[in-house]
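First up is the structure itself, then whatever we jot down about it.
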Amino acid sequence: MAGEDVTTVQLNKSVVRALKRIKKYPRETYNEVIMSLIEAAEETKEFDKFIQEAQKAKMKELWGEGDYTAWEHA
């Protein structure tokens, strides 16, 4: 985090307790915990896109051609 701007964020005590429970090690910072959560969310989103593309191909095979663009925004 050296050289980066730092800000103060207010969190509910229940959020702080939840962050403490998911720390990987005792000295892990809340910044590290939150970044891990963000990275996991981004990975999940990419996985979901992959699954949707695979499903779209199968749906076209089963149901024929159609408009499947709504899936891209699900």
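The values are calculated or read from the model by the stated rules, or taken from the named source; none is laboratory data. Small disclaimer: the values here were computed from a predicted structure and weren't measured. When we count neighbours, we look across all protein chains shown, and the Cβ atoms used for this are built from the backbone with ideal geometry, even at glycine. When the accessible area is computed, the model is the full protein with side chains, heavy atoms only, and any ligands, DNA or RNA have been set aside. Shrake-Rupley method; radii C 1.70, N 1.55, O 1.52, S 1.80 Å.
Points to keep in mind about this one:
- With R₀ fixed at 22 Å, the C-beta to C-beta distance from Ser36 to Thr8 puts the FRET efficiency at about 0.60.
- Candidates Ser36, Gly3, Val16 compared by Cα position along the dipole of region 3-44: farthest toward the positive end lies Val16, with charges placed on Cβ.
- At a probe radius of 1.4 angstrom, the accessible area of region 1-59 per residue rounds to 91 square angstrom.
- Computed FRET value (nearest 0.05) for Ala18 with Gln52, which takes r as the C-beta separation and R₀ as 30 Å: 0.50
- Placing +1 on the Cβ of every Lys and Arg and -1 on the Cβ of every Asp and Glu, with nothing else charged, gives region 1-63 a dipole about its Cα centre of roughly 460 debye.
- In summary, the lysines within cross-link reach of Lys56, defined as a Cα separation below 30 angstrom excluding same-chain residues under 8 places away, comprise Lys45.
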